[in-house]
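First up is the structure itself, then whatever we jot down about it.
None of the figures in this text is laboratory data; all of them are computed from the coordinates on show. These numbers come from a predicted model, not from an experiment. With ideal geometry, Cβ positions are generated from the backbone for all residues, glycine too; neighbour counts draw on all protein chains shown.
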Amino acid sequence: MKKSDAPIYQLKITLIDSKPPIWRRVLVLSDIPLSKLHRIIQAAMGWWDSHLHQFIVGRVYYGVPDPDDWHEVKDERRARLNQIAPTEKSRFTYEYDFGDDWLHAVQVEKILPPDPAQKLPVCIKGRRACPPEDVGGVWGYANFLEAVSDPNHPEHELYKEWIGDEFDPEACDLDDINARLRAIR
């Protein structure tokens, strides 16, 4: 199947346990390898790709195999999205940063007909900013938000110096996300 003949998947990527929810809705070709989907998720969410990652489909793990893995990891370069998520409503997990343990629920919301004119990947909607790297997972992020919003918090100055004054947890800049996604095409 030529790339232009591939159906288009509408995916919803949600950061698990984020309250309020942090999510992105992206359109991708159905037949992309998981290694490319990894780069797309990184760009759409706003991560820096500086930590390990894996896809979890049931009890099967996909990523970059390493002899030191605790369990079998299938090579993400050899698996395609439509193989692990063949139908609408298919779900799987994307894990990023095994220390902070950022878990993302990925769901195929729609399977759309091929459209050679559509430039993919593209983010069509999203909510809230991606947490900063190395903030300590969902619970560390909650503490971070509390500290930066309260000048009397004991860690307020430390976090403000670390992140700067420009972090807006409600921001989701589709133009910026799509600029990063264009670099993947």
Practice task
Could you work out how far apart the two model spin labels at residue 52 and residue 111 are, taking each label as a point 7 Å from the Cα in the direction of the beta carbon, and quote it in nm?
Solution key: 3.3 nm
Practice task
Just the Kirkwood number for the stretch 108-161, please: inverse of mean 1/r across all distinct Cα pairs, in Å, one decimal.
Solution key: 14.5 Å
Completion exercise
Reduced to Cα centres, the span from the stretch 1-67 to the stretch 104-161 in Å works out to 14 Å
Practice task
State which entries of 19/74; 36/160; 12/74; 89/119; 125/160 exceed 26 angstrom in Cα-Cα distance in the structure shown.
Solution key: 19/74; 36/160; 125/160
Exercise for the section: For the chain, state the semi-axes of the equivalent ellipsoid (square roots of 5 times the eigenvalues of the alpha-carbon gyration tensor), sorted largest first and rounded to whole angstrom. Expected result: 30, 20, 13
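Using DSSP to call loops (not H, G, I, E or B), can you name the GluC sites (Glu not before Pro) in the stretch 60-165 whose Cβ has at most 16 other Cβ atoms within 10 angstrom?
Sites meeting the loop and neighbour criteria: 72, 88, 133, 155.
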Practice task
Stick to the Cα atoms of the stretch 29-115, pair each with every other, and give me the Kirkwood hydrodynamic radius in Å at one decimal.
Solution key: 13.5 Å
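Please figure out what share of the DSSP beta bridges in the chain is antiparallel and state it in percent, rounded to the nearest 5.
Details: 34 of 37 bridges.
So the antiparallel bridges amount to about 90 percent of the total.
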Fill in the blank from the handout: Sites removed, the longest contiguous part of the chain containing no DSSP-loop chymotrypsin sites (Phe, Trp or Tyr not before Pro) with at most 13 other Cβ within 10 Å is 99-185
